[in-house]
Amino acid sequence: MIQNSDADLKLRELDAMCVNESKLTHKWYYNVKYLAVGILFGIVFVKAEIISWFRIQEMFRLQSFHMYGVIGSAVLIGIISVWLIKKFNLKSIYGEPIVIAPKKFDKGQIYGGLLFGLGWAITGSCPGPLFAQIGTGATVVIVTLLSAIAGTWTYGYFREKLPH
């Protein structure tokens, strides 16, 4: 019989936590700052042309470096940010510790990544730019948004039955 170590049990506990552990509550108008950042994020997406269906198609056809440069920059900034958070034990703006749970590799990540990439290539959009695309008048993207919502609901419904 195989015994689980304390580290394995802690990892499973962290993996099972899919909720925000913060106990902070704010009035509704505190969310206005998030709306402002979201609008700014959308403007940057439009100006950088990363919501352009044509730019996304160029990327998947290996015809342009533009999107690879944007994605690569984001990955590099993410790596540096996580390293800084861990190295200096940074806290949130409310003083709560930032905990980054360790992740274990699973073959399901390959399947999920392939499915996500296929959907991205077919629709010319991923979840981040959906709202910016709709905001620019590409209302056909509403179909993609509804499909993303349906896919998220389906995953949530079957999550416990899926291999993780």
State whether the residues of segment 68-91 include one that is surrounded by 10 or more Cβ atoms within 10 Å (Cβ to Cβ) and either touching a strand residue (DSSP E or B) at 6+ places or on another chain (Cβ under 6 Å) or in contact (Cβ under 8 Å) with a residue 40 or more places away in the chain (or both). yes
Candidate set: segment 120-164, residues that are among the small types (Gly, Ala, Ser) and part of a helix (DSSP H, G or I); chosen: the one surrounded by the most Cβ atoms within 10 Å (Cβ to Cβ): 132
Note on segment 31-84: residues over 17 Å from residue 128 (Cα atoms) and touching a His at 6+ places or on another chain (Cβ under 8 Å) are 58
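Say whether the condition of being among the charged types (D, E, K, R) and either within 17 Å of the chain's Cα centre (by Cα) or closer than 30 Å to residue 26 by Cα (or both) is met by at least one residue in segment 101-112. Lay out the reasoning, then the answer.
First, pick out the residues of segment 101-112 that are among the charged types (D, E, K, R): 103-104, 106-107.
Now drop any that are not either within 17 Å of the chain's Cα centre (by Cα) or closer than 30 Å to residue 26 by Cα (or both), which leaves 103.
Within segment 101-112, one or more residues are among the charged types (D, E, K, R) and either within 17 Å of the chain's Cα centre (by Cα) or closer than 30 Å to residue 26 by Cα (or both).
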Part of a helix (DSSP H, G or I) and aliphatic (A, V, I, L, M): is that true of residue 110 in this structure? yes
Filter segment 9-64 for residues that are in a loop (DSSP other than H, G, I, E, B) and among the basic types (Lys, Arg); which is modelled with the lowest pLDDT? 23
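Of everything in segment 124-139 that's within 14 Å of the chain's Cα centre (by Cα) and hydrophobic (A, V, I, L, M, F, W, C), which residue is modelled with the highest pLDDT? Full working, then the answer.
Pass one, segment 124-139, residues within 14 Å of the chain's Cα centre (by Cα): 125-130.
Still in the list and also hydrophobic (A, V, I, L, M, F, W, C): 126, 130.
Values: 126: 83, 130: 89.
Within segment 124-139, the match that is modelled with the highest pLDDT is 130.
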When you look at residue 68, is it among the hydroxyl-bearing types (Ser, Thr, Tyr) and at pLDDT below 90, yes or no? no
Members of segment 60-88 found to be closer than 20 Å to residue 122 by Cα and either of a type outside the set (A, V, I, L, M, F, W, C) or over 19 Å from the mean Cα position of the chain (by Cα) (or both), listed by number: 60, 61, 62, 63, 64, 65, 66, 68
Among (1) in a loop (DSSP other than H, G, I, E, B); (2) surrounded by 10 or more Cβ atoms within 10 Å (Cβ to Cβ); (3) not small (Gly, Ala, Ser) - the single one residue 94 does not satisfy: (2)
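Look at residue 101 and say whether it is over 29 Å from residue 48 (Cβ atoms), touching a helix residue (DSSP H, G or I) at 6+ places or on another chain (Cβ under 8 Å) and surrounded by 10 or more Cβ atoms within 10 Å (Cβ to Cβ). Explain how you work it out, then say what you get.
Working: over 29 Å from residue 48 (Cβ atoms): yes; touching a helix residue (DSSP H, G or I) at 6+ places or on another chain (Cβ under 8 Å): yes; surrounded by 10 or more Cβ atoms within 10 Å (Cβ to Cβ): yes.
Judged against the criteria, residue 101 is a match.
The values are calculated or read from the model by the stated rules, or taken from the named source; none is laboratory data. What you see is a predicted model; the values in this text were computed from it and never measured. Using ideal geometry, Cβ is built from the backbone for each residue, glycine included, and neighbour counts are taken over all protein chains shown.
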